[in-house]
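Right, one structure below, let's go through it.
The values are calculated or read from the model by the stated rules, or taken from the named source; none is laboratory data. Just so we're clear, the structure is a prediction, and the values are computed from it rather than from any experiment. Methodologically, a virtual Cβ is constructed for each residue, glycine included, from the backbone with ideal geometry; neighbour enumeration extends over all protein chains shown.
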Amino acid sequence: MSIVGYLSEKECRSVEVSECLSWGFGRYFENEFWRLETSTLRYSDTSTLRIMGVVVKNLSKSFTSQKTDFAAVRNVSFEVEEGALVALLGPSGSGKSTILRMIAGLEQPDQGQIFLGGEEVTRVPTQQRGVGFVFQSYALFKQLTVFQNIAFGLQVRRAAKSRVKERVNDLLALLGLEKLGARYPHQLSGGQRQRVALARALAPEPKVLLLDEPFGAIDAKIRKELREWLRKLHDEVHVTSLFVTHDQEEALEICDKIYVMNHGVIEQAGPPEEIYKNPATEFVANFVGLMNIHDAVVQGGRLAFGPYVFPQNGTSDMRNGDVIRIFFRPQDIYISGVSNAYALQARIARRSFLGINIKLDIEAENGFNFVAIIPEHIFYQEKLSEGCRISYQIEEFNYVNLRAGRGMRKLVFVDYEI
């Protein structure tokens, strides 16, 4: 019996577009599904020669609520190379999920263009876009087994029974679900359900896989295991994947590239290491990773904060009276229990155990307080404790001139004085 037979007639009629996406449907035309073969980027901007799985150009979307227009996405453009795993990272309300839904066809943009696999799909119906969608809520059919859930999209496409069995068994093995094929969703853990949802989206071999906060409903330990597993899975199947998350650790750990979003715009794009080490804006510096922040005023041609003094010749964009916001990461601090190991002295006011790391609240001179994070073995190797005196050195500073604008710059370290 066809797997569709497991659904009532009412359920078959009520299947929504979003559910079709979670089955990973390709193009639907006259009751047949087919996939675009082209992968070369072809659109009006011919300057790009790289193969792109997803291209978004000047995308905007507003919503009207209580007679007020809210701009969820504002003139956003980005690219996802074919076979890459890319994150849209940002807080709630930043527009990342709205972009994902527009790529899927669940929302229509007010303006802009969307290209998948080299063809514009901006006005193409959802079922014809060749995408798979993994939702936070799993969206599994409760009355179908794991095997039947994964096979559903293939059965609707009228794939041969032998092909369905082969493909589903391959995915069960790939996702570590071999012994669970006969179980029902209510008999699975949250992590297992999400793996089934992903397998179902991958079954028809979509051109693009879209993941909307896929681990948001799972506890922290299982979420960490799943993201490691997702990276390994992606390296196996190489499907172009766009991953929406608010979890910076998630994005930094598993993605090839990150687009950091805020208030409907992209604040910065780049590989995880670049995003973390070289934040382009104050928002990125605050949102991605922990950061110490201090404000200081340029006076007499010098910028002074705590024990540090930077001559103006190293920071030509500063004027007397400018308010400068300084940033430095807790991990960019050298600490020793030997008083003369580094030039500066301070006191450990408090220690907090973080597992393999120790967080230290440091009190230095002139109210210059900051947080440092060091490996646990260094803490004990240096014979540190709460209340003890230390010497320290901060490795790197970034800053924003609040008069000049949002752009982040580095302080010229070689020019500082103590």
In the stretch 320-418, which strands (runs of 3 or more DSSP E) lie fully inside it and hold 2 or more residues that are over 36 Å from the mean Cα position of the chain (by Cα)?
344-353, 389-394
Name the single residue that is surrounded by the fewest Cβ atoms within 10 Å (Cβ to Cβ) among those in the stretch 143-155 being farther than 14 Å from Ala199 by Cα and either in contact with a strand residue (DSSP E or B) (Cβ under 8 Å, 6 or more places away or on another chain) or at pLDDT 90 or above (or both).
Gln143
Out of Ala251, Ala159, Ala220, Ala173, sole residue that is surrounded by fewer than 19 Cβ atoms within 10 Å (Cβ to Cβ), in the same structural domain as Gly117 (by TED's automatic domain parsing) and closer than 23 Å to Tyr276 by Cα
Ala220
Restricting to the stretch 108-140, count the residues that are small (Gly, Ala, Ser) and closer than 23 Å to Asn58 by Cβ.
4
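A quick yes/no check of all residues on (1) under 16 Å from the mean Cα position of the chain (by Cα); (2) surrounded by fewer than 15 Cβ atoms within 10 Å (Cβ to Cβ):
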site	(1), (2)
Ala197	no, no
Ala201	no, no
Pro204	no, no
Phe215	yes, no
Glu225	no, yes
Leu230	yes, no
Val237	no, yes
What residue, of Val371, Val323, Val400, is closer than 30 Å to Asn262 by Cβ, assigned by TED's automatic domain parsing to the domain that holds Phe305 and touching a helix residue (DSSP H, G or I) at 6+ places or on another chain (Cβ under 6 Å)?
Val400
Elements of type helices (runs of 4 or more DSSP H) in the stretch 203-310, at least 3 residues being modelled with pLDDT of 90 or more and within 30 Å of Arg167 (Cα to Cα):
248-254
Ile333 - would you say it is in the same structural domain as Met291 (by TED's automatic domain parsing) and touching a Lys or Arg at 6+ places or on another chain (Cβ under 8 Å)?
no
Leu154 hydrophobic (A, V, I, L, M, F, W, C), within 26 Å of Leu59 (Cβ to Cβ) and either assigned to a helix (DSSP H, G or I) or free of Cβ contacts under 8 Å to residues at least 12 places away in the same chain (or both):
no
The stretch 76-90, subset out of contact with any Phe, Trp or Tyr (no Cβ under 6 Å at 6 or more places or on another chain) and assigned to a strand (DSSP E or B), residue surrounded by the most Cβ atoms within 10 Å (Cβ to Cβ)
Leu89
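Quick grid of which residues meet (1) charged (D, E, K, R); (2) outside the structural domain of Glu250 (by TED's automatic domain parsing); (3) farther than 25 Å from Glu249 by Cβ; (4) crowded, with 17+ Cβ neighbours inside 10 Å:
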{"site": "Gly301", "(1), (2), (3), (4)": "no, yes, yes, no"}
{"site": "Pro311", "(1), (2), (3), (4)": "no, yes, yes, no"}
{"site": "Arg319", "(1), (2), (3), (4)": "yes, yes, yes, no"}
{"site": "Arg329", "(1), (2), (3), (4)": "yes, yes, no, yes"}
{"site": "Ala343", "(1), (2), (3), (4)": "no, yes, yes, no"}
{"site": "Gly355", "(1), (2), (3), (4)": "no, yes, no, no"}
{"site": "Leu360", "(1), (2), (3), (4)": "no, yes, no, yes"}
{"site": "Ile378", "(1), (2), (3), (4)": "no, yes, no, no"}
{"site": "Gln393", "(1), (2), (3), (4)": "no, yes, yes, no"}
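Okay, residues lined up against (1) modelled with pLDDT of 95 or more; (2) assigned to a loop (DSSP other than H, G, I, E, B); (3) closer than 25 Å to Leu230 by Cβ:
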site: Ser18; (1), (2), (3): no, no, yes
site: Thr46; (1), (2), (3): no, yes, no
site: Val55; (1), (2), (3): yes, no, yes
site: Ala71; (1), (2), (3): no, no, no
site: Arg74; (1), (2), (3): yes, no, no
site: Ser92; (1), (2), (3): no, yes, yes
site: Ile103; (1), (2), (3): yes, no, yes
site: Pro109; (1), (2), (3): yes, yes, no
site: Ile114; (1), (2), (3): yes, no, yes
Quick check, is Gln136 part of a loop (DSSP other than H, G, I, E, B) and among the polar types (S, T, N, Q)?
yes
If Met291 passes every condition in (1) surrounded by fewer than 22 Cβ atoms within 10 Å (Cβ to Cβ); (2) of a type in the set (A, V, I, L, M); (3) touching a residue at least 60 places away in the same chain (Cβ under 8 Å); (4) touching a helix residue (DSSP H, G or I) at 6+ places or on another chain (Cβ under 8 Å) but one, which one does it miss?
(3)
Show the residue pairs meeting these rules: Cβ distance below 6 Å; 6+ apart or different chains; first residue within the stretch 190-202 and in the same structural domain as Glu213 (by TED's automatic domain parsing); second residue β-branched (Val, Ile, Thr) and outside any helix (DSSP H, G or I).
Gly190/Ile218; Gly191/Ile218; Ala197/Val134; Leu198/Val134; Ala201/Val134
